[in-house]
Amino acid sequence: MRRAYLDYNATTPLAPEVFEAMKPYWLDDYGNASSVHWYGQRAKSAVEQAREQVARLIGAQPAEVVFTGGGTESDNAAIFGVVGAATSAAKHVVATTIEHHAVLFTARALEQRGVGVTYVRVGSSGVVDPFDVARAVRPDTVLISVMHANNELGTIQPLEEIGGIAREHDVYFHTDAVQTVGKTPIDVEKLGVDLLSLSAHKFYGPKGVGALYIRPGTPFRSLLYGGHHERDRRAGTENVPGIVGLGRAAELAGEHLQADALRVATLRDRFEEGVLSSVPLVSINGDFHRRVPGTTNISFRGIEGEGFVIALDLGGVACSTGAACSSGSIEPSHVLAAIGKTNEQARSSIRFSFGRYSTPEDVDFVLGILPGIAARCRAMTPSWKEAVRKEAVRKQAFSRQLSAVSEPV
Ligand code: PLP
């Protein structure tokens, strides 16, 4: 059966080059990177090479890179790390309403411990206004955490401006760059960030490994207690094969960055144009221009998103909704709610994401079957008939207005 994977924001396939680089560290070079013997030193030197590779990709120094168990851990470590190390009696954090749950739920956990948190709202574009971030800063603010690109919309946040605001107010600045590292050029100096989270499996590396960049001088308390690994910033025996994979993925990302971005944007645009021209009553969510190359989030009016994703999957297409399943019920995406979408609009929205191994044939295959599947799903949705009726009324009213304007007086 023909299949097309359009869910690169959820995870990416492992690059064959990454797999090859990792292999020896499963089978032969299995030493513990903390051991003094030959095996240990081979592992250690591989870990240090990976640290250099990651540092190079983000414009950092190797000593500023801490390996973690992925994006979620990096986000938790950054936020708990800075807040935990702050010595002031009152502590306050600024985040946005469209952060990933790895940040939002960490912020909520802080609130339960008495830390103040301000969630800055974003407009319908899905891009935060730096002035709103500046307004949210208080004398007791210790950290601003704003993601680089949103995982559902792909919208890119104005980090350089926010970095300037953080510096001006003497506040530390963290960014969750899980959806941009490996996809767009990153320079921690240019962005003005003090901490940056990244995750290997979003850019053709293995799952369960990531890194946190920490600018020297940033107060930081380790999340984990144990050995003195990672210069006391993350206890626990290093996941050597995973780290080697992350390093190689970072190196490859550096080599492929521009070509990948161009190709992936072309595919995404071809897909969007195809959907817009072949399926009625669809619209793109979030800012059209400030986006990472491979992401589109589309509302299919009158469609129930979960059912549509399942129907597409049965047709061989992998994509996703931003909905979260909690206690047996489906919660519409908090990101779409944050940009002002109604429950119905949010429930009808689907994210399609493209990457290095996506092809024009994938796009054409999906465009070949998607309109029919959408029509079938809509026919089964009671709200679709209502949506069609409302659209007809809207069009009639519009043409009446037009003819009134053009009638000679
Ligand atoms: N932050 C963002 C923006 C993400 O998209 C994700 C993963 O979907 C994460 C954090 C969590 O990363 P990980 O899956 O490596 O824990």
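The values are calculated or read from the model by the stated rules, or taken from the named source; none is laboratory data. Not measured: the values here are computed from a predicted model. Note that each Cβ is placed from the backbone with ideal geometry, even for glycine, and that neighbours are counted across all protein chains shown. Only protein heavy atoms, including side chains, enter the accessible area calculation; ligands, DNA and RNA are left aside. Shrake-Rupley method; radii C 1.70, N 1.55, O 1.52, S 1.80 Å.
So what's the back-of-envelope 222 nm ellipticity for the chain, counting only DSSP H runs of four-plus at -39500 (n - 2.57) apiece and dividing by all residues, rounded to 500? Write down the numbers at each step before the final one.
Working: 14 runs with 189 residues, N = 409.
Computed mean residue ellipticity for the chain: -15000 deg cm²/dmol.
If you take the Cα Rg of the range 66-176 and divide it by 2.2 N^0.38 Å, with N the number of residues, what do you get? Spell out each step's value before the answer.
Details: Rg = 13.0 Å, N = 111, 2.2 N^0.38 = 13.2 Å.
Here the Cα radius of gyration is 0.99 times the empirical estimate.
Which order do Phe131, Phe67, Phe19 take by accessible area at a 1.4 Å probe, largest first? Each step should come with its number before you reach the end.
On the way: Phe131 145, Phe67 5, Phe19 100 Å².
These residues rank, largest area first, as Phe131, Phe19, Phe67.
Arg301 accessible area, nearest 10 Å², 1.4 Å probe?
Around 90 Å² of this residue is reachable by solvent.
Applying 1/(1 + (r/R0)^6) with R0 = 25 Å to the Cβ-Cβ distance of Met380 and Ile284, what FRET efficiency is obtained, to the nearest 0.05?
After rounding to 0.05, the efficiency reads 0.55.
At what distance in nm do the modelled label points of Met1 and Glu48 sit from each other, each positioned 7 Å from its Cα along Cα→Cβ?
5.1
Determine the alpha carbon to alpha carbon distance for each of Lys44/Lys207; Lys23/Lys190; Lys23/Lys207; Lys341/Lys395; Lys91/Lys341; Lys23/Lys44 and list only those over 24 Å.
Numbers: Lys44/Lys207 20 Å; Lys23/Lys190 35 Å; Lys23/Lys207 15 Å; Lys341/Lys395 22 Å; Lys91/Lys341 32 Å; Lys23/Lys44 16 Å.
The answer is Lys23/Lys190; Lys91/Lys341.
Mean separation of Cα pairs under 8 Å and 6+ residues apart, divided by the residue count of the chain: what relative contact order is that in percent? Walk me through the intermediate numbers first.
Details: 807 pairs, mean separation 86.3, N = 409.
Reported relative contact order: 21 percent.
So, with a 1.4 angstrom probe, what is the percent of accessible area on the range 180-242 that is carbon and sulfur? Kindly include the intermediate steps, with their values, before the conclusion.
Details: 1320 of 2510 Å².
Ligands and nucleic acids excluded, carbon and sulfur reach 53 percent.
Using a/c under 1.5 as the rounded threshold, could you call the range 56-103 rounded, prolate or oblate? The axes a ≥ b ≥ c are square roots of the C-alpha gyration tensor eigenvalues, and prolate needs a/b larger than b/c, oblate otherwise.
Values: a/c = 2.08, a/b = 1.38, b/c = 1.51.
Cα axes put the range 56-103 in the oblate bin.
Stokes-Einstein diffusion coefficient for the range 19-59 at 20 °C in a medium of 1.002 mPa s, Rh from the Kirkwood formula over Cα pairs: what value in µm²/s? Working shown, then result.
Working: Rh = 10.7 Å.
Translational D for this selection: 200 µm²/s.
Post the alpha-carbon centroid distance, the range 329-384 to the range 264-306, in whole angstrom.
Centre-to-centre distance over Cα atoms comes out at 8 Å.
Only four residue types carry charge here, +1 at the Cβ of Lys and Arg and -1 at the Cβ of Asp and Glu. Report the dipole size of the range 14-158 about the Cα centre in Debye, rounded to the nearest 20.
Numbers: 11 positive and 15 negative charges, 82 e Å.
Result for the range 14-158 is approximately 400 debye, rounded to the nearest 20.
Under the definition of Cα pairs under 8 Å and six or more residues apart, what whole-number percent is the relative contact order of the range 259-349? All intermediate terms of the calculation are to be shown ahead of the outcome.
Values: 91 pairs, mean separation 22.6, N = 91.
The normalised contact order for the range 259-349 reaches 25 percent.
Treat every Asp and Glu Cβ in the range 225-313 as -1 and every Lys and Arg Cβ as +1, leave all other atoms uncharged, and give the resulting dipole magnitude about the Cα centre to the nearest 20 debye.
Numbers: 10 positive and 13 negative charges, 40 e Å.
The calculation lands at about 200 debye.
Before anything else, pin down the relative contact order of the range 250-409: Cα pairs under 8 Å, at least 6 apart, normalised by residue count, whole percent.
Working: 174 pairs, mean separation 43.7, N = 160.
Result for the range 250-409 is 27 percent.
Output the peptides 97-108, 354-365, 143-154 sorted from most to least packed, where packing is the average of other Cβ atoms within 10 Å over each peptide's residues.
On the way: 97-108: 20.2, 354-365: 17.9, 143-154: 27.2.
Descending mean neighbour count gives 143-154, 97-108, 354-365.
Provide, in order from the shortest bin, the percent of all Cα-Cα pairs of the range 254-300 in each 5 Å bin, continuing until the bin that contains the maximum pair distance.
In order of increasing distance, the bins hold 5, 20, 28, 23, 13, 7, 4, 1 percent.
Among Met147, Ala324, His37, whose Cα sits farthest toward the positive end of the charge dipole of the chain (+1 at Cβ of Lys/Arg, -1 at Cβ of Asp/Glu, about the Cα centre)?
Comparing the listed Cα positions along the dipole, Ala324 ranks first.
In whole Å, what three semi-axes, largest first, describe the equivalent ellipsoid of the range 289-409 built from its Cα gyration tensor (square root of 5 times each eigenvalue)?
Working: eigenvalues 186, 74, 55 Å².
Each semi-axis is √(5λ); the values are 30, 19, 17 Å.
Report the Cα centroid-to-centroid distance between the range 150-176 and the range 308-324 in angstrom, as an integer.
Rounded to whole Å, the Cα centres lie 32 Å apart.
Find which of Val93, Val115, Thr184 sits farthest along the positive direction of the dipole of the range 69-200, computed with +1 on the beta-carbon of Lys and Arg, -1 on that of Asp and Glu, about the Cα centre.
Positive-end residue among those listed: Val115.
Using a simple charge model, +1 on the beta-carbon of Lys and Arg, -1 on the beta-carbon of Asp and Glu, nothing else, what dipole does the chain show about its Cα centre, in debye to the nearest 20?
Details: 42 positive and 45 negative charges, 177 e Å.
My answer is approximately 860 debye.
Between Phe105 and Ala85, what is the spin-label point distance in nm, taking each point 7 Å from the Cα along the Cα→C-beta axis?
The two pseudo-label positions are separated by 2.5 nm.
Which shape class, rounded, prolate or oblate, goes with the range 1-102 when its Cα gyration tensor gives a ≥ b ≥ c as root eigenvalues, a/c under 1.5 marks rounded, and past that a/b bigger than b/c marks prolate? Before the final figure, lay out each step's value.
On the way: a/c = 2.61, a/b = 1.22, b/c = 2.13.
Oblate shape, in that a/c is at least 1.5 and b/c is the bigger or equal ratio.
Considering the dipole of the range 186-317 built from charges on the beta carbon (Lys and Arg +1, Asp and Glu -1) around the Cα centre, which of Ala250, Thr218, Gly286 is farthest to its positive end?
Thr218
Could you identify which residue out of Arg233, Arg347, Arg394 has the top mean-square fluctuation in a GNM of the chain using Cα springs shorter than 10 Å?
Greatest mean-square fluctuation among the candidates belongs to Arg394.
Does the range 291-359 come out rounded, prolate or oblate, given a ≥ b ≥ c as the square roots of the eigenvalues of its C-alpha gyration tensor, rounded meaning a/c under 1.5 and, failing that, prolate meaning a/b above b/c?
oblate
Loop only by DSSP, 12 or fewer other Cβ within 10 Å of the Cβ. Give me the chymotrypsin sites (Phe, Trp or Tyr not before Pro) in the range 214-299 that pass, ordered by residue number.
Those that pass, being in a loop and sparsely packed, are Tyr225, Phe288.
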